[in-house]
Amino acid sequence: MFSKYDLIVVGAGHAGCEAAAAAANLGSSVLLITMNMGTIAQMSCNPAMGGVAKGQIVREVDALGGYSGIISDKTTIQFRMLNQSKGPAMWSPRAQIDRMRFAEEWRLALERTPNLDLWQDNVVGLLVKDDTVYGVKTSLGIEIESKAVVLTNGTFLNGIIHIGEKKFGGGRTAERSSTGITEQLVELGMEAGRMKTGTPPRVDGRSLDYTKMDEQWGDQDRGKFSFTDTELPTDQRCCWITYTNSEVHETLKEGFEKSPMFTGRIKGLGPRYCPSIEDKINRFAERDRHQIFVEPEGWNTCEIYVNGFSTSLPEDVQFKALRQIPGFEQAKMFRPGYAIEYDFFPPTQLSLTLETKLINNLFLAGQINGTTGYEEAACQGFMAGINAHQKINDKHELIMKRSESYIGVLIDDLVTKGTEEPYRMFTSRAEHRLLLRQDNADIRLSPIGHQLGLISDERLEKVNQKIANADALVKFTRTQGIEMADANPMLESLGSSELNQNVKLHSLVSRPQVGLLDLIKVSKPLAEKTSTLDKETIEQAEIKIKYESYFEKENEIVDKMMRMEDKEINPDFDYNKIVSISKEAREKLFKIKPRTLGQASRISGVSPSDISVLMIYINK
Ligand code: FAD
């Protein structure tokens, strides 16, 4: 029934979809097997993409040729660029998404991708011989062969759902869990762990009183994720903000004795930065209210996602507490919140290509590696799909540097340091975040996507044109002056000190309060120069003018660090040869098998003095 595939991807979540699309677009024959074709790219929790650091990841995946950005743009119901009052390294695109449309667009995109077949089934095991995977077994008793396999099982491996004292098997609400894979991999020698996450109840939007809540609209001049010319919805939907109060907290506390978290029934560690409402009340007892974001689930549904109210308390307690929130007095619940525990594989068992060290040609991506979040999953899937394709075709692997992308930071963190709790991306995890901005993801990464064959010549040419146009505009501002009389009224209105002599445009843009768009309104030559340029090119030029000196300093630091970072270590290096490193360092170095001295230096337990000794051996 099935011929042999180049690649089988297990699971059509955010990781699996990107993995399958990337490998197929590179030319591999791909079979994407997923339990339920009705839930392809299902957003298990919040209907939103992006946010702080996560938005940068979506832009990076897009710049490399992935689909998440395009699909998010097509299905956005509200867009906001977060942190715009801070420096550009912190600007983070975030979109409220139509959950059903997102899944539909992903499915259509996969159906339109050549070389990609779909099969609805439950994978229960892997075909492994001589430490190499060569296919999968399904619950229908079918064996399908392939040269490589990417596992992206998300929260489904031995998933257990908890609502109060009730617990039952499931990979997500109303979906069954997956058994067999963990057991087989553990038997083969891999280590597995347990994590947990949770989600809030969903309510009927028709039962809410929005007059008691604050409106929250998207950006008027809205941005987007994708660097392509995808058509965007013209309209946006409103979201709302309301707050819990001490009454709500008291009601929730009544359920604590039945809480699976507090009674110890849940063993796995949850995401610290996405705590449940009961966790928040417990940990921040001094706070008498918590913010609740009231978010529509789409254009054509009245279902509302109650962001900030994640809970696994009994459903009657959830209901009673919800109705004490202003605006929710008559709320009808569509679905209760719940917590889920699932298996993951500590990611230190992977190499930087996301291939397992134990089983050749087996790659793991997404929540199965201990991460949380659609964006974190999507970028891993994308990288695993590429690297699986490259490996089976004897092509070079794609490993991103920490100074090159958030994707590089994420994978290096996972593989080198591992994670004890669900890992999510933050800007603070990236030491070179000044360089890893959302605005320059295309400039940083499109050449890599092009070299792989995922970005067209035309698209790369557009990026090169953007760079050239932005540079030319910066140059223009250095030579073009502005008269005091033209500039001063504008400067006054922006709260910036007035001029007492004519200056070059560049010196005004260097001021924090003044932007190129302000100057375009008062400088005719600048208006003419920029008349054919798009918003992103003008923004790029402005960021360069304002922050160039900081970028130069950061680049110098990166160059210095690269000398150590790039020093390669043979994966088979025998650390027993080095007597003067600590026992712990030796064990960890053998386990992680770092590829560079830089990676070795980030392994916990490997000290700077161990690195100095290692450096001597490597230089020999
Ligand atoms: P998933 O999206 O889980 O997709 C896995 C896919 O694999 C599914 O399609 C499934 O059907 C399929 N599959 C699994 N096993 C098999 C098998 N054996 N055979 C065939 N198909 C299989 N993230 C946040 O950032 N913040 C949150 O607050 C948050 N809360 C969450 C709450 C809940 C209840 C859940 C379930 C998830 C939550 N997440 C949250 C996590 C987010 O949903 C995931 O990080 C993201 O979906 C992971 O993507 P993935 O592709 O790795 O896996």
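Setting aside same-chain residues fewer than 8 positions from LYS74, which aspartates and glutamates have a Cα under 14 Å from its Cα? Excluding near neighbours in sequence, the set is ASP62, ASP98, GLU104, GLU105, ASP229, GLU231, ASP235. Each residue of the range 85-97 was assigned a 3J(HN,Hα) from its phi angle through the Karplus expression (A = 6.51, B = -1.76, C = 1.60, θ = phi - 60°), giving 7, 9, x, x, 5, 9, 4, 9, x, 9, 10, 7, 10 Hz with x at Gly and Pro.
Amide H contacts under 5 Å for LEU32: VAL9, ASP117, LEU118, TRP119, restricted to partners 5 or more places along the chain or on a different chain, H placed in the peptide plane at 1.01 Å from N. Which links in LYS395/LYS466; LYS357/LYS583; LYS224/LYS357 stretch past 28 Å when you go from one Cα to the other? In this structure, LYS395/LYS466; LYS224/LYS357 lie more than 28 Å apart at Cα.
Only lysines eight or more places from LYS258 in sequence, or on another chain, were considered; those with a Cα closer than 16 Å are LYS166, LYS167, LYS267, LYS320. Of the chymotrypsin sites (Phe, Trp or Tyr not before Pro) found in the range 272-313, those that fall in a DSSP loop while having at most 16 other beta-carbon atoms within 10 Å are TYR273, PHE284, TRP299. Evaluating 6.51 cos²θ - 1.76 cosθ + 1.60 at θ = phi - 60° for every residue in the range 259-269, the Karplus couplings come out as 6, x, 6, 7, 8, x, 6, 8, 9, x, 7 Hz, glycine and proline recorded as x. The chymotrypsin sites (Phe, Trp or Tyr not before Pro) of the range 141-221 that DSSP puts in a loop, and whose beta carbon has at most 16 other beta carbons within 10 Å, are TRP217. Total lysine pairs in the range 491-572 at Cα distances under 18 Å, for residues eight or more apart or on different chains: 12. Quick one: Debye curve from the alpha-carbon atoms of the range 71-129 only, equal weights, vacuum; give me log10 I(q)/I(0) at q = 0.19, 0.26 Å⁻¹ to two decimals. These q points yield log10 I(q)/I(0) values of -0.82, -1.02.
In a reduced charge model with +1 at each Lys and Arg Cβ and -1 at each Asp and Glu Cβ, the range 80-217 shows a dipole moment near 580 debye about its Cα centre.
Take each peptide in 37-50, 418-431, count the other Cβ atoms within 10 Å of every residue, and average; sorted highest first, the result is 37-50, 418-431. Determine the shape class of the chain: with a ≥ b ≥ c the square roots of the Cα gyration tensor eigenvalues, call it rounded for a/c under 1.5, and otherwise prolate if a/b is greater than b/c, oblate otherwise. It comes out oblate by the Cα gyration axes. In order along the range 443-453, the Karplus-derived 3J(HN,Hα) couplings, from 6.51 cos²θ - 1.76 cosθ + 1.60 at θ = phi - 60°, round to 5, 5, 10, 4, x, 5, x, 5, 4, 6, x Hz, and Gly and Pro are given as x. Over the chain, dividing the summed -39,500 (n - 2.57) contributions of all DSSP H runs of at least 4 residues by the number of residues returns a 222 nm mean residue ellipticity of -11000 deg cm²/dmol.
Under 5 Å from the amide H of LEU157 lie the amide H atoms of SER178, ASP343, each residue being 5 or more positions distant or on a separate chain, with H modelled from the backbone and absent for Pro and chain starts. Here the range 78-126 is treated with +1 on each Lys and Arg Cβ and -1 on each Asp and Glu Cβ, and its dipole about the Cα centre works out to around 460 debye.
Summing charges over neighbours of LEU526, with a neighbour being any other residue whose Cβ is under 13 Å away from its Cβ, gives +1 when K and R count +1 and D and E count -1.
Put simply, the Cα atoms of the range 3-70 extend 43, 26, 15 Å along their principal axes, the longest span coming first. Once backbone amide H atoms are built at 1.01 Å from N, ILE77 has GLN96, ILE97, ASP98 as its partners under 5 Å, excluding neighbours fewer than 5 places away on the same chain. Straight-line cross-link partners of LYS620 among the aspartates and glutamates, defined as a Cα under 15 Å from its Cα and at least 8 positions apart when in the same chain: GLU568, ASP574.
List the GluC sites (Glu not before Pro) within the range 271-304 that DSSP assigns to loop and that have no more than 12 neighbouring Cβ atoms inside 10 Å. Here the GluC sites (Glu not before Pro) that fit, given the DSSP loop and packing criteria, are GLU286.
Compactness of the range 51-162 is given as radius of gyration and Dmax, 18.8, 57 Å, from Cα positions.
Annotation: peptides 229-236, 581-588, ranked by per-residue average of other Cβ atoms within 10 Å with the highest first, follow the order 581-588, 229-236.
The numbers here are math on the coordinates, done by the rules we state, and not lab data. Since we're looking at a predicted model, the values are computed, not measured. Cβ atoms come from the backbone with ideal geometry, glycine included; neighbour counts cover every protein chain shown.
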